[in-house]
1. Looking for whichever is out of contact with any helix residue (DSSP H, G or I) (no Cβ under 7 Å at 6 or more places or on another chain), crowded, with 24+ Cβ neighbours inside 10 Å and facing another protein chain (nearest Cβ under 7 Å) here; the options are C:186, C:168. Which one fits?
2. Which condition does residue A:156 not pass, out of (1) crowded, with 20+ Cβ neighbours inside 10 Å; (2) not in a helix (DSSP H, G or I), if it passes all the others?
3. Somewhere in the stretch B:223-233, is a residue part of a loop (DSSP other than H, G, I, E, B) and without any contact (Cβ under 8 Å) to a residue 60 or more places away in the chain?
4. For residue A:120, only one of the following conditions fails: (1) at pLDDT 95 or above; (2) on the phi < 0 side of the Ramachandran plot. What is its number?
5. Could you check residue C:125 against (1) surrounded by fewer than 22 Cβ atoms within 10 Å (Cβ to Cβ); (2) in a loop (DSSP other than H, G, I, E, B); (3) at pLDDT 95 or above and say which number it fails?
6. Residue check, residue C:362 against (1) touching a helix residue (DSSP H, G or I) at 6+ places or on another chain (Cβ under 9 Å); (2) within 14 Å of another protein chain (Cβ to nearest Cβ), all met but one. Which one?
């Protein structure tokens, strides 16, 4: 007979909102929603490429003349990206710790392809965004033709005339679409909204919105490559 | 029919574990997966080998004891069925079945296919109840509950605590289990007074146990033998956010997970009999 | 030995109130100084642990499963009775009391049954408050259904999972106390012996099933809530782990075992399909509300059911019991099924089955209605048998389901060992020789939530309990006994597996001490069980060691106890030379084959005392008196 004292309850103070998995997901949902709104706004602006150089360049100029507002918006976006990614990375690290020994065989039975690839689509989209900023915002790297500060139309068209830039753009945007297809309805779930009647509608809507966004964005490089936009 | 069972064998937590293949020549299509293991075990014992340890009790799909992965799917290929009710006719003659235990840090290995699921009990102990001591109850009909509400609560309350949701989740999250209990109690008017604190406490304990985070992908609900819906996780999220917002100064505390199999308090420290 | 059942005097309606008032109380500040051991975490054990914890006692709750939520109470499907009279159909506490005494074929104790009926209404309130999602009317009030053996609607239910929901309610209340620090939960810990010091129960010896460690736990009182012993038949509707070990070892330490031969056979289970069969699956009794039971008129008729014309079918229950038809009580339905199968008219590959046919009901009500009523059961049937019951009749056969017998307890639920209390199915008290449907859940919760918290307080307040040292001879002795049994089982290293012995015991019990019994058969069974037991201790093989998770060793200990219990059941069945409820002696039947009681000679509780291995147990009789419900012949014609 052993006589060691065991079964003593050790209590700990629980971490706060951000420290919990659910809190992180809520933050991801809110930041995701803000980034989603940006993606739509950005698309609306970009599609002006079809209305000719004057319109698009004017739009670009407008953004720059916002002055005091531009940086706050950029900071908010940057903060969203940072929080969104930090939460993801932390959850991904937790995922690793939560199942130290993996399965020898594991089948997916109920999840969508897009939901399972969030961990991949996200980082690739991030890499793309960095490239995209260097390419078309900063002009730091702009193969094919010289980057002309202020001539947005020229930069876009000459940029997409490089075939691999367009392919990379299209590929990334499709991944963004996949990311949104899950992300759009998932943010509602993370914030506590799910309803047996409404959620299926939301999921279909998410699909339609994601496809629309993808089509909207890739229409630009495709048009450039096909010579529709010159 | 003939089957090959490739089963995970592990003598204890310190053992690394390995797969061992067993050929079975005479599997009756009518028997359940567990009866198939019974037959295998009888033959192993007769050969002087150690039988495969697996958890089971009621064998009618309600106690939640049984469960393991068959070819990468918790409880095997038949939806809404635990392994104890999964008959062998759902497999093809000559098939190889890869059988391995639930794998999660919060479910430490015990032996072969048996894992330690006490983390679930601790999540319930953190707040998965309505605090009403015996004798305190008003008449059963004093609070009316609409049929719809009661049915929804019942849908969530159907959880058998088997752990398939955790096993199926790529993140090893127990959101479906925790959400089911939070939803069951929070849907009912009787559970309303403790709604905020319950979600905070249960989520905190769930995190303390080392389960992963939910990414809303829905593998859990696909694997759930009682088909608990993803909606319960949203309910948990809502209650958690609500509780986090509304909470004033109450401190949320968690219990440190006990993974050792202690034998409880022993004679020497037992406070007893001196009245 | 004289049995003091401590039945209160005076009118039965006030008996429990009066008793409660007379019970001594433990000062709130002193409660935490008392340790109470509760073995079992089902409805009775879970409810008792939670409630005793709420009161402030220091509780240790044990279960052999990995979590208290797995206890087999979880599998109850149908519902829980309560004399709420919400339906305004004439129900009352007195009527529930009356129905239960009559349903038990006048072999239960009136005072206990009355208390059960009285408490039933509080149970529903308590469970609703805990969040048990009982079925409700559209208006939001609780709904009821009717159940076998009653003419009123008093059964509360939560779909087909009432037991699960009630157990989860108790489990959650228990976990709340674990969180509060009043209850310590010891899962995967199996009680293997009772420690009795100075004639009082003072603790248990238990084995940790993961580490194999044997430990002693000392307390001021021990509560057993360890369920029934139906698994003595090997095949039953009980969970695989359900066992008699805790009760049996307490019996061997001096607790009397009452009415062991009273077992209940459930008529609607899925038939056995082969030798590998490990358990029987119950199909809810409610199926008999719409299904018609029949077998072919001619024996050996191997045609498919749909090819047998109406004229060649025998709807034997409707034929023999025109007024109750397919809704006769469980024991009657079961015996009739056995009778037609014995005649060679049984159906299915084994010939041990009868049809439960929904064709008429589907024609009358439509498939949709049937699907709404029984969809989950039909699905379960199809999952197991691969036959579609919407198209072909179900095949059913009776199976062991519940044991009315158990450790003898007095009105305080205390066994013959002071300080040892027994609750739920593990005790014998409330159901007599036959239990009515939806009454098991009621009894478990009544004992756990509302009886034991009062009576155990009285025991603690009125008994001076000294300190128990680890070195106490009785403690050492109990540990030595446990260790000895374990090492003996591990050292035999014979040729046969534990399960093969268990299966053989089950066959003997089912054949001779099952649905119908004869003096000759019982004597034969006693001989066979003795032989089998001797063989067991020579020839069993238990692989592995004692120092880790060893499921074969767990089973071996339990089967060893079943091998002793089986003999006692046969002895009791032989001694009870009458038929009553679930105990049917072929020698004692009415001309048309119904159970015939002998109230003059057998209106008593048979309480058996253990007198050492191989010795005939000692019978003590507790006479039963019926002041309120007068014994009559049950008739369902």
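1. Of the residues listed, the single one that is out of contact with any helix residue (DSSP H, G or I) (no Cβ under 7 Å at 6 or more places or on another chain), crowded, with 24+ Cβ neighbours inside 10 Å and facing another protein chain (nearest Cβ under 7 Å) is C:186.
2. Unmet for residue A:156, out of (1) crowded, with 20+ Cβ neighbours inside 10 Å; (2) not in a helix (DSSP H, G or I): (2).
3. yes
4. Exception for residue A:120: condition (1).
5. The failed condition is (2).
6. It is condition (2) that residue C:362 fails.
Every residue, every condition in (1) touching a strand residue (DSSP E or B) at 6+ places or on another chain (Cβ under 6 Å); (2) crowded, with 18+ Cβ neighbours inside 10 Å, yes or no:
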| residue | (1), (2) |
| --- | --- |
| C:289 | no, no |
| C:300 | no, no |
| C:329 | no, yes |
| C:345 | yes, yes |
| C:351 | no, no |
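For every residue, the table says whether it meets (1) away from chain B (no Cβ under 14 Å); (2) farther than 30 Å from residue B:55 by Cα; (3) modelled with pLDDT under 95.
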position	(1), (2), (3)
C:526	yes, yes, no
C:530	yes, yes, no
C:535	yes, no, no
C:542	no, no, no
C:548	no, no, yes
C:554	no, no, no
C:565	yes, no, no
C:572	yes, yes, no
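The values are calculated or read from the model by the stated rules, or taken from the named source; none is laboratory data. Fair warning: this is a prediction, and the values are worked out from it, not measured in the lab. Methodologically, a virtual Cβ is constructed for each residue, glycine included, from the backbone with ideal geometry; neighbour enumeration extends over all protein chains shown.
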